[in-house]
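Undergrad: Got a structure here, written out as structure tokens. Questions coming.
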Amino acid sequence: MTLFTRNTDTSLLIKLALPIILSSLLQLMYNVIDLFWVGHIGTDAVAAVGTATFFVNLGWAISSIVTIGASIKISHAVGAKDAEQSRRYASAALVAAVAIGLVYTAVLLLFPSQLISFFEIPSRWVNEQAVHYLRISALGVILSFLNLIFTAILNAHGKTKLSLKAVLYGNIINIILDPLFIIVLDGGVAGAAWATVGSRTASLLYFYLIIYKGKLIEISFKKMCSRDFTQLLKIGVPSATQRILFTLIAIVMGRIVAEWGTEGIAAQKVGLQIEAISFMIIGGMQQAISIMVGQSYGARQYGRIQILYLSALKIVGIVGVITTILFLSIPTLLVGLFVSDPVTIEIGKSYLQIVGLSQLFMCLEMVTGGVYNGQGLTKYSASISIAFTILRIPLALYLANYTALGIAGVWWSIAITSMIKGVVSASIYRRRTKQLQAMQADEDLKLATTLND
């Protein structure tokens, strides 16, 4: 009979998750550092960067078509000790990432004005700066896609510390380049974009050195086959659809917020970046639980999956409580770190206080989704997320325009749907728990039979 130790698995989960969480937070630091220095220029500059960033984030969501499939399928291969299959999935993921990245780069370079015009921002200067920022950011799309793929490959092998170092080096470069390009060289909004491109290049160079020069993980494009691509897409598309729709809906929500002027846009940008700290921490745990569940699933250790799930819930529960307290108690201080305009601070304060009420539910949804994804069941978590995230648009329009809430109605639509997603995700997953118990019982019976023979 297979035995599992909850304390041991919790320790392993934390050990795997910490580098991923730190890496995610460092990824976030690119935007936070940009926002800090751009904030010195003014609210309009923050609004310009915030508007363009929606489409940069859309690129990240699109990349998950490949990164999620690669992470899950490679972790399954690692758990099954199939090194050949692991190499083939890694190679196919790199080819797919470059192909998709080139297409998205072309879209950003060809239609930046049309994309920014969707928001109908009244300020001509904000529109021009947003378009300029987006054009420069487009040059870094391939860099970002490759960095994300290499991160997924290393993490699936449990080598999370190495991917953390790559992001760390990129951040060090970004910290140096941001004030240099934005303030010293008076590059403004464009300077922030160039600094990010430079830092992404630094991360990619590190990945190249440790993977190719160091021969850490073998990648052979000659051994790929069409089935490898099919398997990656089969797993990745449902979750990627969820992320892409989530980002598109965020763009529509940004268009609704634009009715309140540049102050509303800037407040949303700041609020999203602050909330992203907790989102990245939970996202790191989601990736860790997905990898460990994937390896356990590949090794047919089904009973271990529930232990990992409960351990992860306890960890993220602590994070959810802390962020809820911070968002409710010191929202003005947090927003004031990035902007000084009193109107923007007041709007940002209401954002944090309202979404703060849904932090624990977000934790529940994301960890449950990670457990689903680790088993290759991405369509379940994706379906739940898509259904209720879409609900945000009509709910935001109603609450913002037909009640006395105003822009706060947009924030409430986000909080309410997050609460629903958390409850529904956990409730539905109970059925899967029973299936896993039956699967583990079958494995234990097979093992006992083999031992008796």
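The values are calculated or read from the model by the stated rules, or taken from the named source; none is laboratory data. For clarity, every value in this text was computed on a predicted model and none was experimentally measured. Cβ atoms come from the backbone with ideal geometry, glycine included; neighbour counts cover every protein chain shown.
Undergrad: I'd like the full set of residues that are in contact with a helix residue (DSSP H, G or I) (Cβ under 7 Å, 6 or more places away or on another chain) and under 14 Å from Leu143 (Cα atoms), limited to segment 103-118.
TA: Tyr104, Thr105
Undergrad: Considering segment 403-413 alone, what residues qualify as being aliphatic (A, V, I, L, M) and surrounded by fewer than 20 Cβ atoms within 10 Å (Cβ to Cβ)?
TA: Residues satisfying the conditions are Ala404, Leu405, Ala408.
Undergrad: Exactly one condition in (1) more than 25 Å from the chain's Cα centre (by Cα); (2) more than 21 Å from Leu134 (Cβ to Cβ); (3) of a type in the set (A, V, I, L, M) is false for Leu185; which is it?
TA: Of (1) more than 25 Å from the chain's Cα centre (by Cα); (2) more than 21 Å from Leu134 (Cβ to Cβ); (3) of a type in the set (A, V, I, L, M), only one is false for Leu185: (2).
Undergrad: While we're looking at this one, here's another question. Taking helices (runs of 4 or more DSSP H) that fall entirely within segment 61-142, which contain at least 2 residues that are at pLDDT below 90 and among the β-branched types (Val, Ile, Thr)?
TA: 83-110
Undergrad: Which of the following residues is more than 23 Å from the chain's Cα centre (by Cα), crowded, with 21+ Cβ neighbours inside 10 Å and at negative phi: Val66, Val126, Val56?
TA: Val126
Undergrad: Filter segment 129-161 down to residues that are more than 19 Å from Val197 (Cβ to Cβ) and of a type in the set (A, V, I, L, M, F, W, C) and give me whichever is surrounded by the most Cβ atoms within 10 Å (Cβ to Cβ).
TA: Ala156
Undergrad: Spot the failing condition for Gly50; the list is (1) surrounded by 24 or more Cβ atoms within 10 Å (Cβ to Cβ); (2) touching a Phe, Trp or Tyr at 6+ places or on another chain (Cβ under 9 Å), and only one is missed.
TA: (2) is the only condition that Gly50 fails.
Undergrad: Within segment 202-229, restricting attention to residues that are at pLDDT 80 or above and either of a type in the set (Ser, Thr, Tyr) or touching a His at 6+ places or on another chain (Cβ under 6 Å) (or both), which residue is nearest to Val78 (Cα to Cα)?
TA: Among them, the one singled out is Tyr208.
Undergrad: Yes or no: Phe327 farther than 30 Å from Val78 by Cβ, at pLDDT 90 or above and surrounded by 19 or more Cβ atoms within 10 Å (Cβ to Cβ)?
TA: Against the criterion (farther than 30 Å from Val78 by Cβ, at pLDDT 90 or above and surrounded by 19 or more Cβ atoms within 10 Å (Cβ to Cβ)), Phe327 qualifies.
Undergrad: Separate question: Would you please list the contacts, defined by Cβ atoms under 7 Å and residues six or more apart or on different chains, that run from a residue in segment 130-147 that is under 16 Å from Ala190 (Cα atoms) to a residue that is assigned to a helix (DSSP H, G or I) and among the basic types (Lys, Arg)?
TA: If the second residue must be assigned to a helix (DSSP H, G or I) and among the basic types (Lys, Arg), the pairs left are Gly140/Arg200.
Undergrad: Something else about it: Taking the conditions exactly as written (under 17 Å from Leu58 (Cβ atoms) and under 17 Å from the mean Cα position of the chain (by Cα)), does Gln273 satisfy them or not?
TA: Yes: the conditions hold for Gln273.
Undergrad: Please go through (1) in a helix (DSSP H, G or I); (2) more than 24 Å from Lys269 (Cβ to Cβ); (3) of a type in the set (A, V, I, L, M) for Ala404 and return the number of the only condition it doesn't satisfy.
TA: In the conditions (1) in a helix (DSSP H, G or I); (2) more than 24 Å from Lys269 (Cβ to Cβ); (3) of a type in the set (A, V, I, L, M), Ala404 misses (1) alone.
Undergrad: Within segment 6-15, is even one residue modelled with pLDDT of 70 or more and in contact with an Asp or Glu (Cβ under 8 Å, 6 or more places away or on another chain)?
TA: Among the residues of segment 6-15, not one is modelled with pLDDT of 70 or more and in contact with an Asp or Glu (Cβ under 8 Å, 6 or more places away or on another chain), which makes the answer no.
Undergrad: Select from segment 340-377 the residues that are part of a loop (DSSP other than H, G, I, E, B) and among the charged types (D, E, K, R) and list them in ascending order.
TA: Asp341, the sole residue that qualifies.
Undergrad: Could you tell me which residue of segment 363-402 is modelled with the highest pLDDT, considering only residues that are surrounded by fewer than 23 Cβ atoms within 10 Å (Cβ to Cβ) and under 18 Å from Leu308 (Cα atoms)?
TA: Top of the filtered list is Gln375.
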